[in-house]
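Below: one structure, written as structure tokens.
The values are calculated or read from the model by the stated rules, or taken from the named source; none is laboratory data. In this text, all values refer to a predicted model and were calculated from it rather than measured experimentally. Note: ideal-geometry Cβ built from the backbone for every residue, glycine included; neighbour counts use all protein chains shown. The area values use the complete protein model at the heavy-atom level, side chains included, leaving out ligands, DNA and RNA. Shrake-Rupley method; radii C 1.70, N 1.55, O 1.52, S 1.80 Å.
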Amino acid sequence: MTQHYVGTKIIEAWPAQKDGVDGYSVKYADGYTSWSPKDVFEAAYLPLGHISHLPPHVQRMVAELEQLDDRISKLGNFQGTDIYASLPEDERKDLDTQGKCMVAYWNALLSRVERARGQIERPALTAADAAADIAGTQRPDNPGLNTNAA
């Protein structure tokens with residue numbers, strides 16, 4: 001008996017052509033490499049940027065954040081359609097509540113991702129910034145990380 005499946009995995013991919021058709025070469029965690037047509041690939045995957053330097057649990061949080069962002073965007077677009085307007089009031093209210101919950105979830109997850117990435121991707125203290133810290137002046141290389149803010 002057949003059934004439906006939905007999958008979630010983080011893969012590595014890069015644009016590639018096969019027989020003159022645009023697509024992506026795809027490398028899976030076990031090293032297996034395949035090719036997928038562009039439209040099929042882009043319907044199945046969201047870009048996460050370069051995250052291989054992050055621990056697996058942070059990579060999963062980044063992926064979850066992107067998936068949630070995509071769902072929030074799709075719901076928002078749907079709420080502007082005639083189909084949404086034609087739904088019964090209780091269904092529209094439930095969709096509105098769902099959207100608000102997803103945004104709250106997104107904000108909590110974003111906070112966690114930013115905190116985790118900040119701990120891992122913290123810029124190195126340059127000699128010029130260290131000298132500025134000692135002198136009590138603004139950091140020249142990383143002014144956003146100024147410890148001497150007024």
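Conditions (1) of a type outside the set (Phe, Trp, Tyr); (2) in a helix (DSSP H, G or I), marked per residue:
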{"residue": "Pro47", "(1), (2)": "yes, no"}
{"residue": "Ile51", "(1), (2)": "yes, no"}
{"residue": "Ala63", "(1), (2)": "yes, yes"}
{"residue": "Gln67", "(1), (2)": "yes, yes"}
{"residue": "Arg92", "(1), (2)": "yes, yes"}
{"residue": "Tyr105", "(1), (2)": "no, yes"}
{"residue": "Ala108", "(1), (2)": "yes, yes"}
{"residue": "Glu114", "(1), (2)": "yes, yes"}
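Need pairs with beta-carbon distance below 6 Å; first residue on the phi < 0 side of the Ramachandran plot and within region 81-106, second in a helix (DSSP H, G or I) and exposed (fewer than 14 other Cβ atoms within 10 Å of the Cβ); sequence gap 6+ or separate chains.
Tyr84/Phe78
Can you name the residue in region 54-80 that is small (Gly, Ala, Ser) and without any contact (Cβ under 8 Å) to a residue 40 or more places away in the chain and, of all such residues, is least open to solvent (accessible area, probe 1.4 Å)? Can you show your working first?
Of the residues in region 54-80, the ones small (Gly, Ala, Ser) are 63, 73, 76, 80.
Remaining after also requiring without any contact (Cβ under 8 Å) to a residue 40 or more places away in the chain: 73, 76, 80.
Values: Ser73: 60, Gly76: 38, Gly80: 69 Å².
Ranking the candidates gives Gly76 first.
Collect the residues in region 36-53 that are touching a helix residue (DSSP H, G or I) at 6+ places or on another chain (Cβ under 9 Å) and surrounded by 13 or more Cβ atoms within 10 Å (Cβ to Cβ), keeping them in residue-number order.
Ser36, Leu48, Ile51
Scan region 108-138 for residues that are surrounded by 13 or more Cβ atoms within 10 Å (Cβ to Cβ), under 26 Å from Val58 (Cβ atoms) and at pLDDT below 85 and report the count.
3
Would you call Glu89 out of contact with any Gly (no Cβ under 7 Å at 6 or more places or on another chain), acidic (Asp, Glu), loosely packed, with under 14 Cβ neighbours inside 10 Å and more than 30 Å from Glu42 (Cβ to Cβ)? Before you say what the answer is, go through the steps one by one.
On the way: out of contact with any Gly (no Cβ under 7 Å at 6 or more places or on another chain): yes; acidic (Asp, Glu): yes; loosely packed, with under 14 Cβ neighbours inside 10 Å: yes; more than 30 Å from Glu42 (Cβ to Cβ): yes.
So Glu89 fits the description; yes.
Suppose we keep only residues that are of a type in the set (Lys, Arg) and open to solvent by 90 Å² or more (accessible area, probe 1.4 Å) within region 1-32. Which one would you say is nearest to Leu46 (Cα to Cα)?
Lys9
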